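Before any comments, here is the structure.
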Amino acid sequence: MLNYQAATPAPLDLAFQALADPTRRVMVERLSQGPASVSELARPLDMTLSAVVQHLAVLEASGLVRSEKVGRVRTCRIEPQMFTAAERWLSERRASWERRFDRLGAFLAETEVDDSSVASSPAPGARRRRKKT
């Protein structure tokens, strides 16, 4: 496994870090239904408004959410480009693993056929036991 960390986290890293928190995932889930004010986002959560604002700051820094203030109301909305990038990355990983599992399946099927023909004959160098009479 590679132990690589960039000095500045990549946007995709920030997105996954933001989504690692269940509270932020709840907020994203709500925003997937449409724009919402900070108060609306805070309503179902058992935390202070300042804690909600901190979570929103992480989501905004990751590029997953955008907010704008009109008068006294800050409205948040999903930023679909970052979700598209994350989905693309996940799809590429999935395709890679599916190819690997397909190759493994083919190898195991081939090995199973070979094992059945080998099982009927003794292994090279193996001694046969005599039957006791």
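Looking at (1) in a helix (DSSP H, G or I); (2) surrounded by 14 or more Cβ atoms within 10 Å (Cβ to Cβ); (3) not hydroxyl-bearing (S, T, Y), find the lone condition where L45 falls short.
Every condition holds for L45 apart from (1).
Residue check, R72 against (1) at pLDDT below 95; (2) within 19 Å of the chain's Cα centre (by Cα), all met but one. Which one?
(2)
Counting only residues that are surrounded by 15 or more Cβ atoms within 10 Å (Cβ to Cβ) and among the basic types (K, R), how many does segment 67-88 have?
Going through segment 67-88 one residue at a time, the tally reaches 1.
Given the conditions (1) touching a residue at least 40 places away in the same chain (Cβ under 8 Å); (2) at positive phi, report the number of the one that G71 does not fulfil.
Unmet for G71, out of (1) touching a residue at least 40 places away in the same chain (Cβ under 8 Å); (2) at positive phi: (1).
Can you find a residue in segment 48-64 that is within 18 Å of D13 (Cα to Cα), part of a strand (DSSP E or B) and either in contact with a His (Cβ under 6 Å, 6 or more places away or on another chain) or not acidic (D, E) (or both)?
Among the residues of segment 48-64, not one is within 18 Å of D13 (Cα to Cα), part of a strand (DSSP E or B) and either in contact with a His (Cβ under 6 Å, 6 or more places away or on another chain) or not acidic (D, E) (or both), which makes the answer no.
The values are calculated or read from the model by the stated rules, or taken from the named source; none is laboratory data. Since we're looking at a predicted model, the values are computed, not measured. Positions of Cβ are generated from backbone atoms using ideal geometry, with glycine treated the same way; all protein chains shown enter the neighbour counts.
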